[in-house]
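Here is the structure we will look at, set down as structure tokens.
The values are calculated or read from the model by the stated rules, or taken from the named source; none is laboratory data. These figures come from a predicted structure and were not determined experimentally. Note that each Cβ is placed from the backbone with ideal geometry, even for glycine, and that neighbours are counted across all protein chains shown. Protein only, heavy atoms only, side chains kept; ligands, DNA and RNA dropped before computing areas. Shrake-Rupley method; radii C 1.70, N 1.55, O 1.52, S 1.80 Å.
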Amino acid sequence: MRKKVIAGNWKMNKVPNEAIEFISELAPLVKDTENEVVLCVPYTDLFYSLLHAQDTNIKIGAQNMHYEEKGAYTGEVSGEMLKSIGVEYVIIGHSERRAYYGETDETVNKKLKKALSLGLKPIVCVGESLNQRESGEAKEVVTTQTRLALEGLKNDEVEKTIIAYEPIWAIGTGKTATKEDANETIKWIREEIEKIYGKDVAESVIIQYGGSVKSGNAKDLFEMSDIDGGLVGGASLDAQEFAKIVNYDK
Ligand code: PGA
């Protein structure tokens, strides 16, 4: 049985004091869950969040990393730097980074390889635009993004990679993919992985859904056969709401 991984993506929100307050409020609410609880916070919140989440079941992640270890890359943070302070997870290739910061399938692949080599747990985002969905290209887009992201990885590395299927048109818009569409698209991703890496790998890869997940739709989505939890943006900014999503199965 694949574990459900429910990850908050705070994006560019919350200063350290707010992060600490949030974790204090969330920790008792999610302490009994069997689901994996992750908060992907801004770089400036990482250290404080790690300290504060120390004796809880809340795992801390970053929202991006560079694929080089160090060097003249002003403003960037390396995987080694994340690892050095105890960060466990890292989001790679979020559609906002692809759209605004020149992230490509190639840089996603490099970052993924680097994260895995360091023992970071990567959450790789794939997803189609509204245009692509409406013109029937969604399958081609998400399977191609998946294939290129995973290129050159060994089977055991693919198994350690979490994929987040996030239709771009559903992110921050309040529009959620229907549970059937989300499940079908995630099945396409799983089939693509099976073609290249075999059934065992495909069956063990955790694939989340993301895009306007909230407490009101989490149960419907996460109970689908192929949806292994979610990557949650807006609704992860409120501890009570995020706890309800984590505890969707209670
Ligand atoms: P949203 O964002 O839940 O606010 O739609 C999801 C994401 O971008 O990861």
Helices (runs of 4 or more DSSP H) wholly in region 188-250 with at least 3 residues that are aliphatic (A, V, I, L, M) and without any contact (Cβ under 8 Å) to a residue 24 or more places away in the chain - which ones?
none
Considering region 224-250 alone, what residues qualify as being within 14 Å of the ligand (Cβ to nearest atom), open to solvent by 10 Å² or more (accessible area, probe 1.4 Å) and closer than 24 Å to Glu128 by Cβ?
Gly233, Gly234, Ala235
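Among the listed residues Ala218, Ala170, which satisfies the condition of being over 30 Å from Glu106 (Cβ atoms), in contact with a Gly (Cβ under 8 Å, 6 or more places away or on another chain) and among the aliphatic types (A, V, I, L, M)?
Just one listed residue meets the conditions, Ala218.
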Among (1) open to solvent by less than 70 Å² (accessible area, probe 1.4 Å); (2) within 11 Å of the ligand (Cβ to nearest atom), there is one condition Leu221 misses while meeting the rest; what is its number?
(2)
Test: residue in region 69-84 that is of a type in the set (Val, Ile, Thr) and either under 28 Å from Tyr248 (Cβ atoms) or within 16 Å of the ligand (Cβ to nearest atom) (or both)
no
Could you check Ile60 against (1) closer than 26 Å to Ile245 by Cα; (2) in a loop (DSSP other than H, G, I, E, B); (3) of a type outside the set (Ser, Thr, Tyr) and say which number it fails?
(2)
